[in-house]
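For reference, the structure is listed below as structure tokens.
The values are calculated or read from the model by the stated rules, or taken from the named source; none is laboratory data. Note that the coordinates shown come from a computational prediction; the quantities given were computed from them, not determined experimentally. Here the Cβ is made from the backbone with ideal geometry for all residues, glycine too, and neighbour counts use every protein chain on show.
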Amino acid sequence: MKGNKGISENLLNISSSSRRLGWILHVLAWGIMLIFPFLFFSWRNSESINWFDYLRFFLMISGVIVVFYADYLYLIRRFLFKRERKWFLFSNFLLFTVLIIITHLLMDQIPEPAGRSSGPRGEPSWEHYIMFIFFDYLRYSLVATVSVAFKMTSSWYKTEAERKELEQSRSEAELQNLKSQLNPHFLFNTLNNIYSLIAISPERAQEAVHDLSRLLRYVLYESSEAYVTVGKDLDFVRNYVELMRIRMPEHAQLTTKIETTAPQALIAPLLFITLIENAFKHGVSNNKASFICIELDADSKHITCNIRNSYFPKDNHDKSGSGIGLANLERRLKLLYSGKYIFSNKQEGDSYYSHLEIDLD
């Protein structure tokens with residue numbers, strides 16, 4: 001519920017800020033258009049603006065504004081978005097007609113300015129009326145087209161912003177779900193190792209439980225953040241490897257090289273533990289020569305993990321880990337480092353290789 005509330009609040013914030021910016025741009029655009037005659041006459045410097053002519057200009061612009069916002073705020077949503085194009089065109093035709101009649105009636109009431117030719121005006125011909133009406137319909141049609149373009153564009157931007165926000169929220173929710181799977185998975189495998197150690201050496205098992213508590217503190221608390229420092233994550237890996245070293249038989253060889261020149265660089269937590277768990281799970285035999293070689297090297301731009309181990313695949317009766325580790329890891333990598341990682345694992349003869357390289361930039 002809390003996550004859904006956060007998503008809703010983010011979407012509302014996006015919608016509110018977009019609307020606010022949009023209306024500011026609208027006011028600026030119409031403001032510039034309304035003062036344009038003043039700017040035009042100011043640049044010419046040869047004559048001052050005539051207020052009767054400006055009143056006619058204002059009536060024309062008012063009709064344009066009415067058409068624009070009638071479409072932008074109502075007609076497009078009411079008809080065009082519902083694919084009722086005929087009703088949209090008919091509604092605009094009626095709107096144009098009413099505005100043309102009202103505008104021309106009002107313009108006829110505006111007197112000619114003093115000083116302008118006072119000769120008899122004569123009655124305009126019907127061709128004159130048809131020409132003016134044609135250009136009025138053409139002007140309003142262009143305005144309606146611009147209104148549709150603005151509405152479609154703003155609607156697309158709004159939808160795209162909401163889509164990206166929802167996609168990010170889904171990714172964050174999925175990452176939390178993957179992490180919640182990882183913690184029990186890690187605990188399950190480690191407890192299995194300690195259980196096996198109890199039969200071999202109870203004293204060492206007690207030490208292992210103490211080490212495990214330190215590891216769990218990292219898993220449950222520090223790794224709850226989206227990113228941790230490379231230094232902390234590699235310390236966790238070292239501690240985990242030492243915990244696993246306790247129960248390794250004498251005929252198994254373990255070599256490690258875990259280094260970093262940029263301990264303060266940030267990385268998503270618990271990415272390498274799956275590969276290391278698999279190496280211990282499949283790389284150690286109770287009665288055959290075994291080996292595990294772990295190399296982890298990190299600088300400020302890259303972190304590279306190479307693991308090579310002997311391979312003793314478990315039979316179908318061994319369900320430890322339930323096989324979710326690698327699938328979980330690959331999904332987290334795609335969500336967190338899409339296009340910024342290289343991951344491969346393969347078996348060659350009796351050996352198994354895993355390689356993971358992550359770009360930290």
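Residues to consider are Lys314, Lys281; find the one that is assigned to a helix (DSSP H, G or I) and of a type in the set (Lys, Arg).
Details: Lys314 fails: assigned to a helix (DSSP H, G or I).
Of Lys314, Lys281, the one residue that is assigned to a helix (DSSP H, G or I) and of a type in the set (Lys, Arg) is Lys281.
Quick check on the stretch 230-268: of everything there that is touching a residue at least 12 places away in the same chain (Cβ under 8 Å) and of a type in the set (Lys, Arg), which residue is farthest from Ser213 (Cα to Cα)?
Taking the candidates together, the pick is Lys257.
Quick one: how many residues across the stretch 240-262 are under 38 Å from the mean Cα position of the chain (by Cα) and surrounded by 15 or more Cβ atoms within 10 Å (Cβ to Cβ)?
The first filter runs over the stretch 240-262 and keeps only residues under 38 Å from the mean Cα position of the chain (by Cα), leaving 240-241, 257-262.
Narrowing the set further to residues that are surrounded by 15 or more Cβ atoms within 10 Å (Cβ to Cβ) leaves 240-241, 258, 260, 262.
Of the residues in the stretch 240-262, 5 are under 38 Å from the mean Cα position of the chain (by Cα) and surrounded by 15 or more Cβ atoms within 10 Å (Cβ to Cβ).
So how many residues does the stretch 183-220 have that are at pLDDT below 75 and among the aromatic types (Phe, Trp, Tyr)?
Result for the stretch 183-220: 2.
I need a count of the residues in the stretch 216-239 that are of a type in the set (A, V, I, L, M, F, W, C) and buried (at least 16 other Cβ atoms within 10 Å of the Cβ).
Taking the stretch 216-239 and keeping what is of a type in the set (A, V, I, L, M, F, W, C), we get 216, 219-220, 226, 228, 230, 234, 236-237.
Narrowing the set further to residues that are buried (at least 16 other Cβ atoms within 10 Å of the Cβ) leaves 219, 228, 230, 234, 236-237.
So the answer is 6.
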